[in-house]
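Just so it is clear, none of the values below were taken in a lab; they were calculated from the coordinates. On a predicted model such as this, the values are computed, not experimentally measured, just so you know. FYI the Cβ positions are ideal-geometry reconstructions off the backbone, even for glycines, and counts take in every protein chain you see.
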Amino acid sequence: MKATFLILVSILFLTSCQSFLDVKPKESISDAVTITDKTSAETAVRGVYSALASGNYYGTNFQAIGYLSGDNVEWTGSQSIVQEFINHKVNADNGMISGVWIAIYQTINRANNVLAKVNDVADPALTTALKNQYLGEAYFVRALAYFDLARVWGGVPLITKPTVTPADNRGIARSSTAETYAQVLKDLDAAESLLPATTDRYRATQKTVWALKARYYLYQKDWVKAEEYASKLIGDATNYSLIKPYRTFFADTPGVRRNPFSRFSTTVPLKSTPIAGSGSRKLTVVRVSGHPIRLWSRYSTMPAWVETGAYSSPKTTKIAGTATSTTATLAQTLRTCFALPNNT
Amino acid sequence: MKNYVHMHGNYWKAWMLPLLLSVSSGHAAIPAKEVRSYWRATEGPIKGQVLDETGKGIPGVNIQIKGTIQGVSTNANGEFEISQAPDRARLVVSFIGYKTQEVSVGNQTRLTIQLVPDQNQLSEVVVVGYGTQERKNLIGSITKIDPSDTKNIPTGSFDAQLQGKIPGVQISSNTGVPGEAVNIRVRGATSINADNDPLYVVDGVFINNNSLQSVSTGGKATSPIADINPSDIESIEILKDAEATALYGSRGANGVILITTKRGNFEQKPKVSLNASTGWSKAARLWDLTTGPEHAQLVNEWWINTGKDTPSLNRTVANRPFRPVSEGGRGLPEEQQTYDRLGELFRTARLQNYDLSLAGGTTNTKYYIGGSYTQQEAIIKPINFERASFKINLDQKVNDKVQVGVSNILSRTFRNQARAGDGPQGGLLQAALHTPTYLSPYENGVLVGRAGFDNLTLLLNNYDVHSISLRYIGNVYGEAEIVPGLKFRTSFGLDYNGYDESEYWNNLLIAGSPSGLATSSQTQFSSVLNEQTLAYRKTLGNKHTFGLLVGNTLQSDVLKRTYAEGRGFANNNFTQISSASTTAASQNWSKSTLASFFAKADYNFAGRYLINASIRADGSSRFGNERKWGYFPAVGAAWRIKQEEFLKDVTVLSDLKLRASYGITGNQNGIGNFAAQGLWTGGASYQGSPGIAPQQLGNPDLQWEKTRQLNVGLDLAFFNGRLSAEFNVYNKYTTNGLLQLTLPATTGFSTYWSNAAEISNKGFELGIQSVNLQTSQLKWTTSLNLARNVNTIEKLETPLRYGSRDLILQQQGHPLYSFWVYRQLSVDPQTGNVVYEDVNKDGKITTDDRQILGSIWPKLFGGLTNNLTYGSFDLNVFFSFSYGNKIYNHNKFFGEGGGARDAARIIFASNLARWQKPGDITDVPRPDGVNVNNYRDGGSRWLEDGSFLRLRSLTLGYTLPKTWSKKVGLDNLRLYAVGTNLWLLTKYTGLDPESSASSDQNQQGIDLGTPPQPVGLQLGLNVTL
């Protein structure tokens, strides 16, 4: 009896409940210890780029909401969420719109984390040059994000501090369009001063900042400055030239540098490219010579020629044919921003 | 009242006599030796009286001479007379509420027989939290189920079999695929983002009931409960109110299902039981579809109508799709063929089941060994469910005071799976409900491709998705009586589930385009449980009994998953990931722990007044540091009014008990293991290099969801328990509801876990049981249960939308799972367009005009069981019903596409009732564009009444007379036939009013791509030796 009680007592009390109940995840880390040394700073900056590439942002949907409105796109699925773009009658509660909005602010929050924390890292391996590069990249991505927000929504709430608790960044009012663009320029200026003037196909450099500045000034109708910054890139002929033919811009053909779509998202085959959403809202764009671009969803049908090999020699001609289509401008933005190389 | 009983006694006899005579030839032919030996040498009359326990005569008692059909019943004074009785006759004396006695007449001519009350029902032992109790002493609301009635219903899992059996417990099968997750709600639903499933406890082990499935089967999930062989279960207790569930504290808010598996008995001869059955099942009804010509006609109409609406489309009669081939069309409508794909998909499915067990015991040991194999094909190819299981329960007395034992369930469940739900790729019903006019599977003898959805023939020939669940549920315990009345018990339990899934989609299938896709997912779940209890029970004098219980449990759950996929195979002969050109893999790990302490005290005064109080403290690793512990108290009291002096003499009333309980229970299931913590993920890679990023916001204040519940119950029994009823009313109110609260997206996060919702459930439950007839030959019993639950979201800041196309809205003031639709008022006879209700009167139909029109909650639901045994025959007829619930017929939404979805979907025949010309009165509008008003997502036209009355099962059995079975060396032999879902009464125009495409709790009641529950027939035999 005594022994039994001893067993009971030991089981009850020797197990320290506090440590028993303290379980830490292995797939994730606590947000209390994030950007603390060179490695974590470096990976956090990659995290910012990864947000830029997410499915709801440059991965697919942000572009899709632009070109779905084009007159060369047909939607035969049953979900009204896509049809709203085709009909030029987008409801406020459209899920793709909110998805893009969320993804852009997620990108901004990641950039804000880098901007808030990298300066305080005491790791000697994180040199000032590296710190400047990381901060500059974060400023650039935040500038691009606010630039995109301003172009789609006009003025938006300007969030420049990271969200760490549910109470943070609440109740921030919408800024005017001018204020939003001012934030873009401020971030671009900061990025320009921090980034090196190197050439990088995957990450922002001073040259990338120039490309976006050229675009920014076009939107501000400041033709002089737009020309000034565009000329800086056009003049760099060793690194940048126009790709020909135009369609290779979208292709993922061996021998041709990947297009910016695939740079941000995953590698996609030419003949059927998932362009929007995931899971139940997946869209597929099919581009075949002689046919208009068509979008396919789970409830629409691919005609026989798509599936039976009639596409064996696809000739993509264009993805957006009209001046009003924002896809074209987006493509140009990206080409300019990311300074696509020539085919060699 | 006495007269009443008496009259009925005679009435029954008179009524049944012809029946008795007509079927009695078998029994007349039992001149077996042992019976003959009792026969008297001289025959003559016997007189006698039957008395109750107080010495009063009982009228209407049935007296029968054993081995014959001869019988009489007693008069008002309990007296009887048998004019001719053989020598050494034995009389069988039976009366409801009393134990049946056999009396040897011998040489007597006058007998006095005193019957002993059969307290069977009241003294029935009911398993409660951490112990057992006699039914008469119950305070809480607990339903005990003997699963033997339902275990042959071919659903795979025992919980699906219980539909309609338990008052207040709503069980919806969702699909006709065996072994799939069911929707089970004990007294409504208490949460939006945390689980609403009850806690399952098997022999003291808290088992996992969340599917480990990771492959997509169109929103469906497998049921981990299907790993348990229903035949191994001895009894199922469902704990419903706070008093009953409080000892499970944090887990009890959604009810508790206690499963006790079969064990042997001490001093029992080895008993071998065999149950074997085989059967068939098929769909009772399928959709009514258009033929090819009808389809083509509607498509042409749609074409022309859209052309009229939007001239820029250039759609005219001249270029309609179904115009002569010579004009470049697909041929005239009447030239079209009709391909029947449903016939290719649906089949008559085979079922088989074998259970073999051995039970027995010696003075100090008792054992139960069981093995079983079951196979159930689904009614659609290629889905198949197989389970092989093995069971050993062993108990050993070490000495007078100490006993140890083990319980073990080991099972292997194999499933051929397929997407029988939502989704484009590999969706079976989507592929089968394809355009009827084209895409024959073959063109010039060669299989051709698919359009939108997979080609059904290719899909069926190449489906390769399967899973193997290896499950162990076991428990080892030791218990010791330290001093008389004081028992200590300790136990260790383990629930282990290895779940192995693999898929191969070859390049003929959409999911496998262009060169094959293989996936493999290995999931391991283990739950380790340690538990100690110390119980003390003491009776003082003969009136005071009290008990005390203290205990603790420690539980640790770990979930691990390794996933790999490969794309790009050389050809379809290579199916393993190692042969793929590109591969990807991932690994997941997650853990939660729970520490609990509990105590309970009960007091019973003279079997008349019962009170108890309990408290449980639970600490969960899932909550914020300062919020880990939750405290869950409960109190209950019962008054057995029948035991009071003033009711002693009211003999018609055999029991009357009033019960009341109040308590608080908790819920934490279904939220992430790390929901309270702020986290960064390492998965934000860029250009192939690792990246980190914020993943979720922490909420250090995250805490237990709590449900307080008041229950008042009344137990009544009449005529010695011949008619009994249990009535409960309850009021449940959930606060601190776990909810993923929406954040302004500008914060960079969209939600965080919070305690923000409040939900109430109020309702009543009624269970009635009666023995309608009882003679020694015939017994007819009926049990009826019905219940109503009113569910309301009491607090929810922002309405939440769920389901495909936001068909479900959770909104404050409305029930959970409410359908959010556009109300169709009519089809304008002039234009053929649908007129929707313009709720906000702005002249436009927008999302603001959607409204809640009903929910999945029935107004009343329950079941009715009739059991009839007559001699060697037994008949069980079981109906379940649900009244007042709604279901969204999403299949019909797609099937009434009005021609717009020509390329991908068949059109239902109901679309033929469309408006065609001015003056037509119909509710089906003219065919026109997709998602414009007429065929809008969420139109109320497809929201239907899901009420039903279903003949869930009908079992007819025949037990061979013992003398016959003895001859072949068997103790018992019973042959039976079970019919399942033989009859269905419903207004629902889909296949099955219980269908639900998703197993997501917030997306119930949307019927899409789901096979119906089949009609089944099984033939089987039970043998014991």
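Some notes on this structure:
- Here the scattering of chain B is modelled by Debye summation over its C-alpha atoms, one equal scatterer each and no solvent; at q = 0.05, 0.08, 0.09 Å⁻¹ the log10 of I(q)/I(0) is -0.37, -0.92, -1.13.
- Greater than 25 Å apart at Cα, pairs in B:K642/B:K732; A:K26/B:K628; A:K38/A:K225; B:K308/B:K987; B:K308/B:K917; B:K144/B:K282: B:K642/B:K732; A:K38/A:K225; B:K308/B:K987; B:K144/B:K282
- Modelled spin-label separation between A:N119 and B:D649, with each label point placed 7 Å from Cα along the Cα-to-Cβ direction: 9.5 nm.
- Region A:162-212: radius of gyration and largest Cα-Cα distance (Dmax), Å: 15.0, 41
- When both bridge partners sit in the protein assembly as shown, DSSP labels roughly 95% of those beta bridges antiparallel.
- Relative frequency of Cα-Cα separations exceeding 20 Å in region B:125-276, percent: 51
- Helix B:2-22 and the longest principal axis of the Cα set of chain B meet at an angle near 70°.
- At R0 = 45 Å, FRET efficiency that the Cβ-Cβ distance of B:D146 and A:E179 yields, to 0.05: 0.05
- Likely footprinting exposure, B:V215, B:V325, B:V205, fewest C-beta neighbours within 10 Å first: B:V325, B:V215, B:V205
- Set of aspartates and glutamates with alpha-carbon distance to A:K186 below 20 Å, sequence-local pairs under 8 removed: A:E137, A:D148, A:D222, A:E227, A:E228
- Dimensions (Å) - region B:310-351, Cα atoms, principal axes, largest first: 57, 26, 13
- Computed from backbone phi with θ = phi - 60° and the Karplus coefficients 6.51, -1.76 and 1.60, the 3J(HN,Hα) list for region B:629-646 is 8, x, 10, 10, x, 8, 10, x, 8, 9, 10, 8, 4, 4, 6, 6, 3, 5 Hz; x is used for glycine and proline.
- Distance cut-off 21 Å, percentage of C-alpha pairs in region B:627-781 lying past it: 66
- The radius of gyration of the Cα set in region B:834-903, together with its Dmax, comes out at 22.3, 72 angstrom.
- The protein assembly as shown, helix-only ellipticity at 222 nm - DSSP H runs n ≥ 4, -39,500 (n - 2.57), divided by all residues, nearest 500: -5500 deg cm²/dmol
- In region B:449-492, one over the average inverse separation of all distinct C-alpha pairs is 16.1 Å, which is the Kirkwood hydrodynamic radius.
- Given charges at Cβ of Lys, Arg, Asp, Glu: the protein assembly as shown dipole, positive-most of B:L486, B:S995, B:I139: B:L486
- Put a dot 7 Å past the Cα of B:Q108, heading toward its Cβ, do the same for A:K161, and the two dots end up 9.6 nm apart.
- Qualifying trypsin sites (Lys or Arg not before Pro) in region B:223-319, where qualification requires a DSSP coil assignment and no more than 13 other C-beta atoms within 10 Å, comprise B:R285.
- Remark: region B:287-413 is approximated by an ellipsoid whose semi-axes, taken from the C-alpha gyration tensor as √(5λ), come to 70, 16, 9 Å, largest first.
- Gap separating the Cα centres of region B:563-633 and region B:766-786, nearest whole Å: 41
- Using a Förster distance of 45 Å, the FRET efficiency for A:D222-B:S312 (Cβ separation, nearest 0.05): 0.70
- 20 Å reach of a label modelled at B:N731, 7 Å along Cα-to-Cβ, counting backbone N of region B:647-677: B:658-666
- Of the GluC sites (Glu not before Pro) found in region B:263-320, those in coil by DSSP whose Cβ has at most 14 other Cβ atoms within 10 Å are B:E267.
- Whether the protein assembly as shown is rounded, prolate or oblate, judged on the alpha carbon gyration tensor where a/c under 1.5 counts as rounded: prolate
- In order along region B:406-413, phi translates into HN-Hα couplings of 9, 10, 9, 10, 10, 9, 10, 10 Hz, rounded to whole numbers, per the Karplus curve 6.51 cos²θ - 1.76 cosθ + 1.60 with θ = phi - 60° and x for Gly and Pro.
- The number of Lys pairs in region B:770-898 with C-alpha atoms less than 26 Å apart, excluding pairs fewer than 8 positions apart on the same chain, is 5.
- Charge context of B:Q643, other residues only, Cβ under 11 angstrom, K/R +1, D/E -1: +3
- B:G1009 sits among other residues whose Cβ lies under 9 Å from its own Cβ, and their net charge, with Lys and Arg +1 and Asp and Glu -1, is -1.
- If you model region B:847-974 as an ellipsoid using its alpha carbon gyration tensor, with each semi-axis the square root of five times an eigenvalue, the axes come out at 52, 18, 12 Å, biggest first.
- Legend: calculated FRET efficiency, B:T278 to B:N444, from the Cβ-Cβ distance at R0 = 45 Å, rounded to 0.05, equals 0.60.
- One equal scatterer on each Cα of region B:216-326, no solvent, Debye formula: the resulting log10 I(q)/I(0) at q = 0.23 Å⁻¹ is -1.20.
- Angle of helix B:292-309 to the longest C-alpha principal axis of chain B, folded into 0 to 90 degrees and rounded to 10: 50°.
- Lysines whose Cα lies under 16 Å from that of B:K397, excluding same-chain neighbours fewer than 8 positions away: B:K366, B:K487
- The Cβ shell under 15 Å around B:S882 holds other residues with a net charge of +2, Lys and Arg each +1, Asp and Glu each -1.
- Under the Karplus curve 6.51 cos²θ - 1.76 cosθ + 1.60, θ = phi - 60°, whole-Hz ³J(HN,Hα) for region B:756-767, x wherever Gly or Pro sits: 10, 9, 10, 9, 10, 9, 10, x, 9, 9, 9, x
- Taking the fewest neighbouring Cβ atoms within 10 Å as the starting point, the ordered list for B:I192, B:I259, A:I172 is A:I172, B:I192, B:I259.
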